[in-house]
Structures are given as C-alpha cells and as structure tokens.
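Participant: The structure that follows is given in the form of structure tokens.
No value in this document is a laboratory result; all are computed from the given coordinates. These numbers were taken from a predicted model, which means no experiment stands behind them. Cβ placement follows ideal geometry from the backbone for every residue including glycine, while neighbour counts extend to all protein chains displayed.
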Amino acid sequence: MRIFSLVYPLARGAAPALIAVWSLWFLQEKLTPGGWLGLVLIVCGLLIVGGGNLVQHQNEKPHLRGVILALTLALLISIYSTIDGFAVKHTPAFPYAVMIFFLAPVFTSPLIFKRYDWQTLKSELASHWIRM
C-alpha cells in the first residue's frame, strides 16, 4: 500500500505540470496568472500528500522505483492528455472519438493475443458474450 501512496500522488501531481510544459512548448499556448497559481497549488498539494511516502523510515533513502514509476506514468498521462486536447480543439469531436475507439483495439489486440491464446479468447467470448 505504501508504494501506491507514493506513486499515485506523484504521478497525478507531475502530470499537470508536464501538460503545461508540452502545451507551452509544442502548442504555443500561454498560461494565465490564475493558471500558474492553479498549477502550483495542484502540484504542491499532491506532493504534500505523496511526499510523506518517499521514505518508509526516517533514515531511509527515497523509494527510487516508486518515483521512477510515478514519473513515467505522469509522462504518459501528460502525452496522451496533450494529444487529446489538441485533437479535440482542431478536429470534429465525433470522427476523432470514433477513430480513437477503433484504433485502441489495433494496438491492444496484439498484446492480448500474445498473453492469451486464441482458444482462451474464444471460450471467454462464448461464455460472456452478453457482457462483451
């Protein structure tokens, strides 16, 4: 549980900061003073919540694996959020949503087929076809 208490707040706190960086850098957007204040408050608040779990005991080093995982998740969250934000502003919403829902299986299906064989997938589909 302690790793979750570290990873979740750090990932959720770093993601908005990275989204702001990507928006400023790639999309040439500008943050208002209120936007800067809100960003600082979000990041500080989540770091306060998660920062207490950086170490388990007083003389211990920070949990490096948890920090790396949190920052990796924050990076991924920020990338897809920035792409989504740009796409929604510059394309019609319905075709974009349809494209996303049809492209997701293109990327996830090979992973599912690698993890489970075709027979397992067929039997799951046969026994849970209503829910699927």
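Participant: Of all alpha-carbon pairs in the chain, indicate the percentage at a distance above 20 angstrom.
Facilitator: Tail of P(r) above 20 Å: 63 percent of Cα pairs.
Participant: Using a Gaussian network model on the chain with a 10 Å cutoff between Cα atoms, which of 122, 89, 30 fluctuates the most?
Facilitator: Maximum among the listed residues: 122.
Participant: Convert each backbone phi in region 96-113 into a coupling constant with the Karplus relation 6.51 cos²θ - 1.76 cosθ + 1.60 (shift: θ = phi - 60°), then list the ³J(HN,Hα) values in order as whole Hz, x for Gly and Pro.
Facilitator: Per-residue couplings from phi come out as 5, 4, 4, 4, 4, 5, 8, 7, 4, x, 4, 8, 8, 4, x, 5, 5, 5 Hz.
Participant: Which far-off residues, 5 or more places away or on another chain, put their amide H under 5 Å from the one on residue 29, with H placed in the peptide plane?
Facilitator: For residue 29, the qualifying residues are 24.
Participant: Return the single residue from 100, 79, 112 with maximal mean-square fluctuation; model: Gaussian network over the chain, springs between Cα atoms under 10 Å.
Facilitator: Evaluated over the chain, the most mobile residue of the options is 112.
Participant: So, one more: What residue among 109, 78, 23 shows peak mean-square fluctuation when the chain is described by a Gaussian network model with Cα springs under 10 Å?
Facilitator: Residue with maximal mean-square fluctuation among 109, 78, 23: 109.
Participant: Could you order the peptides 123-130, 5-12 from most to least packed, using the average number of other C-beta atoms within 10 Å per residue?
Facilitator: 5-12, 123-130
Participant: Using +1 at the C-beta of Lys and Arg and -1 at the C-beta of Asp and Glu, which of 98, 68, 82 has the Cα lying farthest in the positive direction of the dipole of the chain?
Facilitator: Checked the options; the winner is 68.
Participant: FRET efficiency for residue 47 and residue 99, Cβ-Cβ distance as r, R0 = 35 Å, nearest 0.05?
Facilitator: My answer for the efficiency is 0.45.
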